[in-house]
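The values are calculated or read from the model by the stated rules, or taken from the named source; none is laboratory data. Because the structure is a prediction, the values reported are computed rather than measured. Cβ atoms come from the backbone with ideal geometry, glycine included; neighbour counts cover every protein chain shown. The area values use the complete protein model at the heavy-atom level, side chains included, leaving out ligands, DNA and RNA. Shrake-Rupley method; radii C 1.70, N 1.55, O 1.52, S 1.80 Å.
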Amino acid sequence: MFDKNDKQLKTVRTIILVCAIIFAVLGVIGGIIVCVDGGILLGILLLLLTPFLSWLAWVFGSLILTFLCDVKLIRNKLYGLDNGNLSVFITQESAAPAQPVRTEPAGQKPLSDSDGYENLLKLKKLYDSGALSQEEYEKMKRELLDR
């Protein structure tokens with residue numbers, strides 16, 4: 001479900017930036033035209049206000065996209081998925097691919113056969129309820145079986 005959103009988030013981020021730049025440039029040009037045309041007070045107001053409002057819209061859009069990216073990161077950690085495709089939004093990470101998330105806490109002993117069977121049943125119930133996609137189900141099933 002969220003795997004398709006990475007490309008959309010990147011596209012929306014680009015669109016927000018382009019719109020903010022266009023709005024600022026048009027505001028400055030409009031302010032200059034109004035100043036030359038005789039409305040100096042209105043022209044100066046446009047010159048000062050439109051770049052500020054453009055910056056404010058860009059900041060607000062970036063905050064919303066950051067929130068959406070965080071939601072995806074949390075979801076991926078919850079299901080043990082790779083976050084490498086979000087490196088565009090994560091500036092602290094290097095360009096190296098992300099390490100897979102460990103699904104069992106440190107120091108936990110390996111699962112016994114009955115634990116593995118119970119976990120497979122829980123996984124199947126999640127898949128049947130629609131909470132997991134086919135790819136997520138297969139990946140998590142393989143991880144359980146490899147243990």
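Numerical summary
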{"quantity": "All positions within the range 130-147 that are open to solvent by 80 Å² or more (accessible area, probe 1.4 Å) and over 25 Å from the mean Cα position of the chain (by Cα)", "calculated": "R142, L145, D146, R147"}
{"quantity": "Close pairs (9 angstrom Cβ cut-off, 6 or more residues apart or separate chains): more than 20 Å from K77 (Cβ to Cβ) and free of Cβ contacts under 8 Å to residues at least 24 places away in the same chain in the range 122-147, exposed (fewer than 10 other Cβ atoms within 10 Å of the Cβ) and polar (S, T, N, Q) anywhere", "calculated": "none"}
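Results for (1) under 25 Å from the mean Cα position of the chain (by Cα); (2) open to solvent by 50 Å² or more (accessible area, probe 1.4 Å); (3) touching a residue at least 24 places away in the same chain (Cβ under 8 Å), shown as yes or no for each residue.
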position	(1), (2), (3)
V34	no, no, no
G39	no, no, no
L42	no, yes, no
S54	yes, no, yes
F60	yes, yes, no
T66	yes, yes, no
D70	yes, yes, no
I74	yes, yes, no
L81	yes, no, yes
